[in-house]
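The values are calculated or read from the model by the stated rules, or taken from the named source; none is laboratory data. Source: prediction; values computed, not measured. Every residue, glycine as well, gets a Cβ built from its backbone with ideal geometry; the counts of neighbours run over all protein chains shown. These accessible areas exclude ligands, DNA and RNA; they are computed on the full protein's heavy atoms, side chains included. Shrake-Rupley method; radii C 1.70, N 1.55, O 1.52, S 1.80 Å.
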Amino acid sequence: MAHTPSPNPSPNPSPNPSSPAAEPFDAVDVIRTKRDGHRLTDDQIDWIIDAYTRGVVGDEQMAALAMAIFIRGMESPEILRLTQAMIRSGETMDFSGLGKITADKHSTGGVGDKITLPLAPLVGSFGVAVPQLSGRGLGHTGGTLDKLEAIPGWRADISNDELMEILRGPGAVVCAAGSGLAPADKKLYALRDITATVDCIPLIASSIMSKKIAEGTASLVLDVKVGSGAFMKDEALARELATTMVTLGNDAGCATTALLTDMDTPLGRKVGNALEVEESVEVLAGGGPADVRELTLALAREMLDAAGLSDADPQEALDNGQAMDTWREMIKAQGGDPDAPLPTAAHTHTVTADKDGYLGSLDALAVGVASWRLGAGRARKEDPVQLGAGIELHRKIGEPVKAGEKLFTLHTDTPERFDRALESLNSGWSITSEEPQTRGSVIIDRIGG
Ligand code: URA
């Protein structure tokens, strides 16, 4: 991944007798170019993405190219061209007729990351249009759509007309991304998922930014997570990913900034679909855990600044019910009942402290995997999720605890899952006699702007 490619010594397409006559390149040449550490030309990148989308280049050849990119890396102009080619593979959206400024947020994903839920209505409550085209969870990180589907009646699939209508009205929409945006990325991401080529900066950056730029938002704030529960475990790599995406966004005319935030430990005190909705509503009611509130407010400030509303006070909007009003409208606009009781799991199991002290560590990945094993997440795209499953964290790192007091409550409909979930959870926490040092803020740095 660290290699810097040198210019391709033979950048011009060479006619290949085995290629279909209409194709200007041969996939094998393109793969070989990158395999040998050379820079791909603009034409090579444009062609391979288009040919892969059309099905002329097969999965096996694209997988080989993805692995070559994983090992050899890409230079900035190649990443830009790859992003542009993936945008061109599908439709783009246009919010310019809305009469509102658009602002969007993307998180690289983490455990307990429910920030979209309070953030979208909070920013929407200031008259900004917030189109949050989101996905479902796969593996140990939850998906925003799965969380919102815990609300009785709420539906993720809405038409483009409904999307525009809600943006004109309440202002905030969280919905399923249509298959028309960057279809090349959709295919390539699924392929990367099964070929160990996901955690590669050029591929992640082009994948995320092609969808965001195709979506047509005027501004974007990226929440790039660092730590055990994130894609990027290493701060230097997360910083490089953030910088790459910020550059891609700004070069495409989308005002983009990034916050680098901690994901060594879960965000908030609740992990799981309905549990995270519950916690988001606490934040919208002016309360909630300090870290969730801090990050929601920091991201809201970025979005409001980008929308030219630097004087807006997001904290006041949480405290005075303005954001909650927008939340209720946006949930109702998508068929949901904001007053309906949320689903709860049929079984719980509580973990208690075996001694006095402080919670010294609480690992995000261990909690995420435990919650997933309880049924909150899915192993395959087509699996259902348990809406009530998940984990409540009664202590966060640095908080005191006495022997016998509750540390965690596990929730599931299928109690045979407790043992495997506990195996993961119990590998990820400790009680210390000394109060541990904590960072005091989830925000590590801000990039861009
Ligand atoms: N999310 C995406 O959309 N793409 C990636 O490559 C990684 C995370």
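With springs connecting C-alpha atoms under 10 Å apart, model the chain as a Gaussian network and identify which of Gly375, Gly139, Gly249 has the largest mean-square fluctuation.
Of the options given, Gly139 has the highest mean-square fluctuation.
Using helices alone, I'd like the mean residue ellipticity at 222 nm for the chain: each DSSP H run of four-plus residues gives -39500 (n - 2.57), total over residue count, nearest 500.
-12000 deg cm²/dmol
All other residues with a Cβ under 9 Å from the Cβ of Leu133 taken together, and with Lys, Arg as +1 and Asp, Glu as -1, what is their net charge? Mind showing how you got there, number by number?
Details: positive: Lys211, Lys212; negative: Asp104, Glu215.
Around Leu133, the surrounding residues sum to 0.
Find the Rg to Rh ratio for the range 116-179, where Rh is the Kirkwood radius over alpha-carbon pairs and Rg uses the same atoms.
0.97
For the chain, what does the equivalent ellipsoid look like in terms of its semi-axes, each the square root of 5 times an eigenvalue of the Cα gyration tensor, given largest first in whole Å?
38, 26, 20
Keeping the other protein chains in place, figure out the carbon and sulfur percent of the accessible area of the chain, with a 1.4 Å probe.
50
For the chain, what is the charge dipole size about the Cα centre, in debye to the nearest 20, if Lys and Arg each add +1 at the Cβ and Asp and Glu each add -1 at the Cβ?
Approximately 540 debye in magnitude.
Convert each backbone phi in the range 184-192 into a coupling constant with the Karplus relation 6.51 cos²θ - 1.76 cosθ + 1.60 (shift: θ = phi - 60°), then list the ³J(HN,Hα) values in order as whole Hz, x for Gly and Pro.
Those phi angles translate into 4, 5, 4, 5, 5, 5, 4, 5, 4 Hz.
List the residues whose amide H sits under 5 Å from the amide H of Leu220, counting only those 5 or more places along or on another chain, with H placed 1.01 Å from N in the peptide plane.
Asp104, Ala255, Thr256, Thr257
Just going by the charge dipole of the chain, with Lys and Arg at +1 and Asp and Glu at -1 on Cβ, which of Pro436, Leu117, Ile201 is farthest out on the positive end?
With unit charges placed on the Cβ atoms, the residue in question is Ile201.
log10 I(q)/I(0), Debye, Cα-only the range 27-73, no solvent, q = 0.18, 0.27, 0.32 Å⁻¹?
Per q value, in the given order, log10 I(q)/I(0) is -0.45, -1.01, -1.29.
Per residue, how many Å² of accessible area does the range 103-334 show with a 1.4 Å probe?
30
From the backbone phi of the range 441-449, what are the Karplus-calculated ³J(HN,Hα) couplings (6.51 cos²θ - 1.76 cosθ + 1.60, θ = phi - 60°) in whole Hz, Gly and Pro given as x?
Taking θ as phi minus 60°, the curve returns 8, 7, 8, 8, 6, 10, 10, x, x Hz for the range 441-449.
Per residue of the range 84-95, in order, report the coupling 6.51 cos²θ - 1.76 cosθ + 1.60 (Karplus, θ = phi - 60°) as ³J(HN,Hα) in whole Hz, putting x for Gly and Pro.
5, 5, 6, 4, 5, 5, x, 8, 10, 9, 9, 9
Which log10 I(q)/I(0) values, to two decimals, does the range 347-432 give at q = 0.22 Å⁻¹ under the Debye formula with one point per Cα?
After summing over all Cα pairs, the log10 values are -0.99.
If you keep only loop residues by DSSP, which trypsin sites (Lys or Arg not before Pro) in the range 340-393 have at most 11 other Cβ atoms within 10 Å of their Cβ?
Lys355, Arg380, Lys381
Measure off 7 Å from each Cα along the Cα-to-Cβ vector at Glu240 and Ala196, then give the distance between these two points in nanometres to one decimal.
1.9
For the range 27-73, what is the accessible area per residue in Å², given a 1.4 Å probe and the full set of protein chains?
With the other protein chains kept in place, the range 27-73 gives 40 Å² per residue.
Might you report the magnitude of the Cβ-based charge dipole of the range 27-73 about its Cα centre, with Lys and Arg at +1 and Asp and Glu at -1, to the nearest 20 debye?
Values: 6 positive and 8 negative charges, 45 e Å.
Roughly 220 debye for the range 27-73.
Over the chain, what relative contact order in percent results from Cα pairs under 8 Å that are six or more residues apart?
Normalised by residue count, the contact order of the chain is 18 percent.
Give, rounded to the nearest 20 debye, the magnitude of the charge dipole that the range 226-307 has about its Cα centre when Lys and Arg contribute +1 at Cβ and Asp and Glu contribute -1 at Cβ.
Result for the range 226-307 is approximately 60 debye, rounded to the nearest 20.
Above 31 angstrom, tally the Cα pairs of the range 103-334 and express them as a % of all pairs, no decimals.
Counting every Cα pair in the range 103-334, those more than 31 Å apart make up 14 percent.
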